[in-house]
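A.B. asks: Please read through the structure below; I'll follow up with questions.
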Amino acid sequence: MKQFKDVLSFRFLQAGLTDWLLKDTITEFKALGVQEIIVLPSDLRRVKQLLAGSEIQVGCVVDFPLAQGTIAKKAFEIGRSFMDGADFLEVWLPATLLAEEEQVADLEEFMETSRSLALSGGEIRWAINTAFMNELAKIQVAQHLKAWNWPSITLGQTLSVSEALHDVSIFALDGGSQLRIQVNVAGTEGDQQPLAALLQAGAAKIGLPFTESTVLLTE
């Protein structure tokens, strides 16, 4: 499955990862040609150190997994993560901030703030946990993103393949042609077909547990 390596984003989001596991996995990633990984804020500096001289892009989650922080808190964490060396960020938002009309003003304010932070720091990817959203809310969020001409969205934290396919289809249909969709799945057990199906449905990038890297990239 080496042909998929450009669209795979491997996720180090388990709390309490040991340093030896990080070192061993990063060494393996360099050999496999992994393009990007995403980590917790607590691991960001160490991972950047381990990847010194490598072209692997390192992202960091913000306000993960609950997305309950204030906009001010998110903005602070965005700035801090970029200062710590993140190449891109996955900023988690509560679904209500995107779906409820009374929250639109707050979201637009945050959008403008994040645009300026992205210009000075790096790419910012908004993320929402679609597992807790109904169909109407997903459609409303996608339509908002289209209206604002927002370039990217990350869907779910550990979706099943069937859930991921469903959500990608909704956002590809209602989110506009400018929208670049990443979807995070629980895993594919080394099966090539789900990856191809997700890309065909409209996903531009697929987030997977880092433990799948060897299976997927050595076949």
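A.B. asks: If you check Asn149, Asn134, which single one turns out to be at positive phi, open to solvent by 60 Å² or more (accessible area, probe 1.4 Å) and either without any contact (Cβ under 8 Å) to a residue 24 or more places away in the chain or not hydrophobic (A, V, I, L, M, F, W, C) (or both)? Please lay out each step first, then the result.
C.D. replies: Values: Asn134 fails: at positive phi.
It is Asn149.
A.B. asks: So which of Glu77, Glu55, Glu28 is among the charged types (D, E, K, R) and under 29 Å from Met111 (Cβ atoms)?
C.D. replies: Working: Glu55 fails: under 29 Å from Met111 (Cβ atoms); Glu28 fails: under 29 Å from Met111 (Cβ atoms).
Residue meeting the stated conditions: Glu77.
A.B. asks: Let me ask another. Go through (1) in contact with a helix residue (DSSP H, G or I) (Cβ under 6 Å, 6 or more places away or on another chain); (2) modelled with pLDDT of 90 or more one by one and return the number of the condition Leu21 breaks.
C.D. replies: Condition not satisfied by Leu21: (1).
A.B. asks: Within the range 196-211, take every residue that is over 14 Å from Ser162 (Cβ atoms) and part of a helix (DSSP H, G or I) and give me the one that is most open to solvent (accessible area, probe 1.4 Å).
C.D. replies: Gln200
A.B. asks: Now for a different question. So, in the range 1-33, exactly how many residues are among the β-branched types (Val, Ile, Thr) and either free of Cβ contacts under 8 Å to residues at least 12 places away in the same chain or open to solvent by 70 Å² or more (accessible area, probe 1.4 Å) (or both)? Can you show your working first?
C.D. replies: Here is the first cut: in the range 1-33, the ones among the β-branched types (Val, Ile, Thr) are 7, 18, 25-27.
When the remaining residues are screened for being either free of Cβ contacts under 8 Å to residues at least 12 places away in the same chain or open to solvent by 70 Å² or more (accessible area, probe 1.4 Å) (or both), the result is 18, 27.
Residues that pass the stated criteria total 2.
A.B. asks: In the range 35-50, which residues are open to solvent by less than 20 Å² (accessible area, probe 1.4 Å) and in contact with a helix residue (DSSP H, G or I) (Cβ under 6 Å, 6 or more places away or on another chain)?
C.D. replies: Val39
A.B. asks: Return the residues of the range 152-184 that are open to solvent by less than 60 Å² (accessible area, probe 1.4 Å), within 15 Å of Leu198 (Cβ to Cβ) and out of contact with any strand residue (DSSP E or B) (no Cβ under 8 Å at 6 or more places or on another chain); say none if nothing qualifies.
C.D. replies: Scanning the range 152-184 gives Leu165, Ser169, Ile170.
The values are calculated or read from the model by the stated rules, or taken from the named source; none is laboratory data. Here the structure is a predicted model, which means the values were calculated and not measured. Please note: Cβ atoms are built from the backbone with ideal geometry, for glycine as well, and neighbour counts cover all protein chains shown. Keep in mind that these areas ignore ligands, DNA and RNA; they rest on the heavy atoms of the full protein, side chains included. Shrake-Rupley method; radii C 1.70, N 1.55, O 1.52, S 1.80 Å.
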